[in-house]
Amino acid sequence: MVVFFISCNSGNRDQNANTDSSVVTHAPTYDKSLINGKVTDSVICRSLNGGSYALYLPSYYSSDKKFPCIYFFDAHARGAMPVHMYKGLAEKYGFVLVGSNVSKNGTPWQVTNDAVKMLLEDTRTRINIDTKRIYTAGFSGGSRVACTVAIMDGGVAGVIGCAAGFPSVEPVFQNKFDYFGMAGDYDFNLTEMEQWDETLEQNGFAHQLLISGGIHGWAVSSDFQTALLWIQVNAMKENLQSKNDTLILALKNDYEKRIAAAKSLRDWIKVHELSDGMVRVLDGFTDVSTYRKRSADLVACNDYKNAIAIQVQLQQTELNQQRELAKQFTVQDEKWWTRKIAELHQKANSAKTQESQMYRRLLNYLGLVGYMNCDHALKAGDLTNAFTYLKVFKIADPQIPDCSFLTAVYYMKKGNPQQAISSLNEAVSSGYSEVSTLITDPSFNSLKDDAVFKNIVIKVQANNTPK
């Protein structure tokens, strides 16, 4: 991804904390036609360039009062998905949620840049947003977009990053912001996020990395609630919102519950990360001496030292294995991959916890490699290799809907619409939800008026907006 520049606010975070950075110099006239208490899947931007976003306004939203806002960037332009997922939390804590329906992986950087600028301009003129409490959140490539906006724009108070870290280029930490990262134990981007968490510590950022069960995806609601509590308590420390003892206690209880669960599993690295994070965010609000001592004791504990040593070794092994899997994908045949994938599964099932998790992440990473190679071959018109890659992709990750979708593209390019429809139905059953990709892919142009295809589009739309 290329870093793009956002020019909506200026100055650093400290300046933004004391100054309303809104560019509006006169009393704005907010849009009173927007619906409260219900997700609107598509709000069309007033700009001539169009574009849209999903929106949730709390039921008690009023344009007479400023509300904090979270801008969501999904890897597949599914703006409505996170808004639907977290609308209950927005209602509970009083946040406006905005999900971009434009930003997605593979989009040229200038297009993404223009779309983000249009999104910010449109929402800030139509909704009474507290410009001191603007947050960005993203999943996978969308997480990198969320980080880039915060890095380049001085008006972002914090970022909630799911399943990916910062842009691939070296970021310049010219603007400070709070960062709450989340990843699953089986997420192929976990090692990257662990490394970024260390970088944030070294650069003096308020930060927390929450690792929980799961693969590459948006965080479950309970984890996102932890993130919302965390950013609000940090906002209290930074004098961006009033102190609220109920929220402070809720975050303290959340940490204690997670620490107890990690301790019961003897996951000493997680116990240390959570104890350290609890001390950082709650120090000054409540007594954290017990957790400070626990963190210090853990550092001196042999179990913790051994776990850290294993983690460091496995991180390097994992990176090496990722490179090797990517290298071999286009070289080896189906039989070789069948044996290799079976071997990875066997190791994942028999190894000790940390190593087992690494092998599961490698299997998930192979799904990513499969997608990228299949997509590239299809776009290049290399149908022979595309067919081979699709078979390997299917072996690596039989449940992923992207494989069935790309198989449908393959059959359309081969002139077999019946097989394509069958593959699309399989994709829908597996949860395929990329509506914009389906309806804009030129491979399906000849099916646009087909009743069966239209019904598939409706089903994909339903997958895109979980209720």
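Some points to look at:
Yes/no per residue for (1) in contact with a helix residue (DSSP H, G or I) (Cβ under 6 Å, 6 or more places away or on another chain); (2) surrounded by 23 or more Cβ atoms within 10 Å (Cβ to Cβ); (3) in a strand (DSSP E or B):
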{"position": "Tyr179", "(1), (2), (3)": "yes, yes, yes"}
{"position": "Asp187", "(1), (2), (3)": "no, yes, no"}
{"position": "Thr199", "(1), (2), (3)": "no, no, no"}
{"position": "Ile211", "(1), (2), (3)": "no, yes, yes"}
{"position": "Gln225", "(1), (2), (3)": "yes, no, no"}
{"position": "Lys243", "(1), (2), (3)": "yes, no, no"}
{"position": "Thr246", "(1), (2), (3)": "no, no, no"}
{"position": "Asp254", "(1), (2), (3)": "yes, no, no"}
{"position": "Lys257", "(1), (2), (3)": "no, no, no"}
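- Counted residues, region 396-424 - those being more than 17 Å from Ala380 (Cα to Cα) and not hydrophobic (A, V, I, L, M, F, W, C): 12
- Matching residues, region 391-430, being closer than 26 Å to Lys454 by Cα, at pLDDT below 95 and among the aliphatic types (A, V, I, L, M): Ile400
- The single condition among (1) touching a strand residue (DSSP E or B) at 6+ places or on another chain (Cβ under 9 Å); (2) surrounded by 15 or more Cβ atoms within 10 Å (Cβ to Cβ) that Lys263 does not meet is (1).
- Arg78 meets each of the listed conditions (1) modelled with pLDDT under 95; (2) closer than 21 Å to Ser242 by Cβ; (3) of a type in the set (Lys, Arg) apart from (2).
- In region 323-379, residue nearest to the chain's Cα centre (by Cα) [restricted to those that are aromatic (Phe, Trp, Tyr) and closer than 24 Å to Asn105 by Cβ]: Tyr365
Yes/no per residue for (1) in contact with a Gly (Cβ under 6 Å, 6 or more places away or on another chain); (2) in a loop (DSSP other than H, G, I, E, B):
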position: Arg78; (1), (2): no, yes
position: His84; (1), (2): no, no
position: Gly88; (1), (2): no, no
position: Gly99; (1), (2): yes, no
position: Thr107; (1), (2): no, yes
position: Asp114; (1), (2): no, no
position: Leu119; (1), (2): no, no
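- Annotation note: of Lys347, Lys305, Lys340, Lys293, the sole residue that is assigned to a helix (DSSP H, G or I), surrounded by fewer than 13 Cβ atoms within 10 Å (Cβ to Cβ) and among the basic types (Lys, Arg) is Lys293.
Residues are listed down the side, and each one gets a yes or a no for (1) within 30 Å of Leu55 (Cβ to Cβ); (2) touching a strand residue (DSSP E or B) at 6+ places or on another chain (Cβ under 8 Å):
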{"position": "Lys414", "(1), (2)": "no, no"}
{"position": "Phe444", "(1), (2)": "yes, no"}
{"position": "Asp450", "(1), (2)": "no, no"}
{"position": "Thr465", "(1), (2)": "yes, yes"}
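- When region 74-96 is filtered for residues that are under 15 Å from the mean Cα position of the chain (by Cα) and either within 18 Å of Asp130 (Cα to Cα) or hydrophobic (A, V, I, L, M, F, W, C) (or both), the ones remaining, listed by number, are Ala75, Ala77, Ala80, Met81, Val83, Met85.
- Any hit, region 391-412, residues being basic (Lys, Arg), within 19 Å of Ser446 (Cβ to Cβ) and over 23 Å from the mean Cα position of the chain (by Cα): no
- Qualifying residue in region 58-65 (condition: touching a helix residue (DSSP H, G or I) at 6+ places or on another chain (Cβ under 6 Å), part of a loop (DSSP other than H, G, I, E, B), over 26 Å from Trp196 (Cα atoms) and not hydrophobic (A, V, I, L, M, F, W, C)): yes
The values are calculated or read from the model by the stated rules, or taken from the named source; none is laboratory data. Since the model is a prediction, treat every value here as computed from it, not as a measurement. No Cβ is skipped: glycine too gets one built from the backbone with ideal geometry, and neighbour counts run over all protein chains shown.
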